[in-house]
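First up is the structure itself, then whatever we jot down about it.
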Amino acid sequence: MTDQPAITVDGHAIPLLGFGTWNLTPEVARTMVAEALRIGYRHIDTAWIYHNEAAVGDGIRDAVEAGRVAREDIWLTTKIWVQHFDRDGLLRQAAESAASLGFTPDLLLLHWPKTEPSFEETLGALNEAKDQGLTRTIGLSNFPSAEFRQAQALSKATLVTNQVEYHPYLKLSKLIETARELGSSITAWSPLAQGAIADDATLNEIGRAHGKTAGQVTLRWLIQQGVIAIPRTARESRAAENFDIFDFQLSSEEMDRIHALARPDGRLGDWIDPAFKWDPEWT
């Protein structure tokens, strides 16, 4: 698919650096997706609930028609919203998302775990969407380890990633280990902690040693762990900056210094159903 660093899961090469589109208006999403592909990104992430799938598809078509990239060289992810987790609703939304995008997505995720309908029904429907050709692969988003394991046990197909919040202020060792045990991967949303890393003294000190920004250091830290990162920006210059992380390497000492920034209150976006609990990392 691409000569960029990638993680191979179930025979599929997923680029480790992607471009996220959360909170981008349709107009901005179209422009930024086309620009991201021009810069060199080959992994685009969206979701039904972002209300920009059609614009993301338009941006991809703009880049393809301009001769910047071939569709088969792009990894495209979207997500099933929680209100569509019943069988009929899931299959209907999967078809709607593919139609809105104008492309069959490479990866279809369950956006957040829910207690109802049952995991059996939802995972069965997700596998059915794959069997119907509505997506190439399937996966999860925001599932703690216990539910991650339960979902994989119920899924005929490999769940190729679990997309969760992850950045230097959040410890995620248990979930990363669960993904490895299951032959899956972790994708980091809000990898730059929604901008909080910009003024971090440790990250800036490491950055100065490499001629890089705190954001570039953070993204490098993620992909060196084999974690997929999907930073989002509405600025073309920042998209280019975020992509410029393939010409340096962090030492093991630098990696450890960044890991040490994690803290118990580091989570920024906790919208998980109270019935589920994140892995206890600090006990």
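Structure above, values below:
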read-out: Some residue of region 247-258 being at pLDDT 95 or above, closer than 20 Å to T187 by Cβ and surrounded by fewer than 22 Cβ atoms within 10 Å (Cβ to Cβ); value: yes
read-out: Helices (runs of 4 or more DSSP H) wholly inside region 153-228 that include at least 2 residues being among the small types (G, A, S), over 22 Å from A47 (Cβ atoms) and modelled with pLDDT of 95 or more; value: 201-210, 214-224
read-out: Unique match (being among the hydroxyl-bearing types (S, T, Y), surrounded by fewer than 19 Cβ atoms within 10 Å (Cβ to Cβ) and farther than 30 Å from A146 by Cβ) among T8, T104; value: T104
read-out: Given (1) farther than 21 Å from L250 by Cβ; (2) without any contact (Cβ under 8 Å) to a residue 40 or more places away in the chain, index of the condition G211 fails; value: (1)
read-out: Flag if N142 is touching a residue at least 24 places away in the same chain (Cβ under 8 Å), surrounded by fewer than 17 Cβ atoms within 10 Å (Cβ to Cβ) and touching a strand residue (DSSP E or B) at 6+ places or on another chain (Cβ under 9 Å); value: no
read-out: In region 229-254, the residues that are among the hydrophobic types (A, V, I, L, M, F, W, C), in a helix (DSSP H, G or I) and over 18 Å from the mean Cα position of the chain (by Cα); value: A240
read-out: Considering residues of region 180-230 that are among the β-branched types (V, I, T) and more than 21 Å from Q4 (Cα to Cα) only, the residue surrounded by the fewest Cβ atoms within 10 Å (Cβ to Cβ); value: T202
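The values are calculated or read from the model by the stated rules, or taken from the named source; none is laboratory data. All values derive from a computational prediction rather than experimental measurement. Here the Cβ is made from the backbone with ideal geometry for all residues, glycine too, and neighbour counts use every protein chain on show.
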